[in-house]
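The values are calculated or read from the model by the stated rules, or taken from the named source; none is laboratory data. None of the values given here were measured: they were computed from a predicted structure. Neighbour counts run over all protein chains shown; Cβ positions are idealised from the backbone, glycine included.
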């Protein structure tokens, strides 16, 4: 049974709300287990156990928040063991043009360096869901779609 | 007297409207000459003659439009001659999370490779002005600010 | 039978040599058809027919060459039809720190906006193969691996 | 008298060696004070006091190391106060294509969001000095050039 971990950092609560919507979307697919974890409380064993990893962060200076980066820095001890896993990213931000895309691309870069597999979207937020302030219905739907997509991909593993 | 070129590509007209607002902002500073040119009609002599170069593009697949890229590809013949010039970038886009930040960062990367000097903004659109659809008053103000900022920087040249 | 298109632009010949190595790697997998095309000669019908698309470009000002960008700009007419396809990228460059990573990430961004699926590598060149000057044996091996990986992924389609 | 802070994080020592070369280059310019600080030991008062800030990080998963990100996350308390300051970035990395360019661009993005001014280079490492492993003479020279360039720019402040 495929396992998905949704890892997030949130201070104001917006990224957390997005994480819950991603969780809901992933849960809507049969045949996967889904866990929701704060970045600071995520262990390396969990990273290696999960088949899909979805990471959310607020937009802090156009890059993921330090606790998210810290998790990836720690993960170097398991470098190679995330190869071929499926990944996705999302971010909440104060405003348009405020660095949300580069934050998501930053998470995607970290995943690619781990050898992970990511998918964009031809509709809506292309790199991953972005919320400007509190997530509205449009954003929540994008988050659910992300969760469902990752779940479907996980069920196809191994993909290569 | 400092010279500024505002170079843009526009098909729908939104980037062109932004370019006009940037022009207005640059013109508001005394002691600089400002020219507005389409990317396809910009010559390498103009690029090397200008002290400040501001480039605008619609967001096409998260990168500047091909005619903007084509101008930079051509500019390799003057590589080294843009060193120390001042640059800025702006983009219009269909939607949030649609690649506008990465388009602006793409333009900034091309400028950095030419040895140019760029400045972000701690307020509003940090990397450069972004318009979602037709530029509204907020966007136009950001564009004017960009033009005025580049004009002020040009008057300080040589900066290094 | 899965179909893979390797699309490249090359003036000096280095990117073309990389493309040939990618081709060889893809061909080494049974059960896929592989085509090698210049970006300028690639039709939109080919893009939509292929299941996997691997794009190579020289590093020009830290972004893909204009003819590669032009192909993606044209592809907007088929927007949505590349959703779920598999993608990969590679680049040749004059020197380290010269913009090769951002060129590859630029191609990956365009693919994500099309809704495509990309995979990094935990070993070697993480975002995609990079050649500094003429491709040596190390680079050719990376290119072959990329071709083989994309072929394996294509055989798993639909991935979501 | 212009003040420059060189802030770095280093575990293996390579980024630290680069930082020392940057320091030497900055010191070679008359009329500036230069300080060398570890990211973990840098205070917000220092960030706001310095006119030029040069940041170095090892390449960890294609982005600056967590302690460097942590410093920028903390700096939000002084948001707006770094506007118009001069910035530069450098990185050490295990290998080509390993994420060093995206690490440097990540630092530059954070600086742009602070409203800082950055300059690329038309020669050598365009976005900022990159060392593959231990810095050799070529890298050290690039680092010295970066330090000297930032010092020259600081002497021109205010630039806008």
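Overview of values
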item: Conditions (1) within 23 Å of residue C:95 (Cα to Cα); (2) over 12 Å from the mean Cα position of the chain (by Cα); (3) facing chain D (nearest Cβ under 9 Å); (4) without any contact (Cβ under 8 Å) to a residue 24 or more places away in the chain: number failed by residue B:108; result: (2)
item: Counted residues, segment C:112-150 - those being more than 7 Å from every other protein chain (Cβ to nearest Cβ), under 13 Å from the mean Cα position of the chain (by Cα) and at negative phi; result: 9
item: Residue match in segment C:92-100 (condition: within 12 Å of chain A (Cβ to nearest Cβ), surrounded by 23 or more Cβ atoms within 10 Å (Cβ to Cβ) and touching a strand residue (DSSP E or B) at 6+ places or on another chain (Cβ under 8 Å)); result: no
item: Any hit, segment C:69-82, residues being within 12 Å of chain A (Cβ to nearest Cβ) and in contact with a strand residue (DSSP E or B) (Cβ under 6 Å, 6 or more places away or on another chain); result: no
item: So residue A:124, is it within 24 Å of residue B:106 (Cα to Cα), touching a residue at least 40 places away in the same chain (Cβ under 8 Å), in a loop (DSSP other than H, G, I, E, B) and in contact with a helix residue (DSSP H, G or I) (Cβ under 9 Å, 6 or more places away or on another chain); result: no
item: Unique residue being crowded, with 22+ Cβ neighbours inside 10 Å and in contact with a helix residue (DSSP H, G or I) (Cβ under 7 Å, 6 or more places away or on another chain) when the list is B:42, B:103, B:48; result: B:42
item: Residue satisfying condition, being surrounded by 24 or more Cβ atoms within 10 Å (Cβ to Cβ) and farther than 25 Å from residue B:120 by Cβ, within set A:159, A:117; result: A:117
item: Residue list for segment A:51-63, restricted to those being more than 7 Å from chain D (Cβ to nearest Cβ) and under 15 Å from residue A:15 (Cβ atoms); result: A:54, A:55, A:56, A:57, A:58, A:59
item: Which listed residue is under 15 Å from the mean Cα position of the chain (by Cα), away from chain B (no Cβ under 11 Å) and either modelled with pLDDT of 95 or more or crowded, with 24+ Cβ neighbours inside 10 Å (or both), from A:89, A:66; result: A:89
item: Selection status of residue D:159, facing another protein chain (nearest Cβ under 9 Å) and assigned to a loop (DSSP other than H, G, I, E, B); result: yes
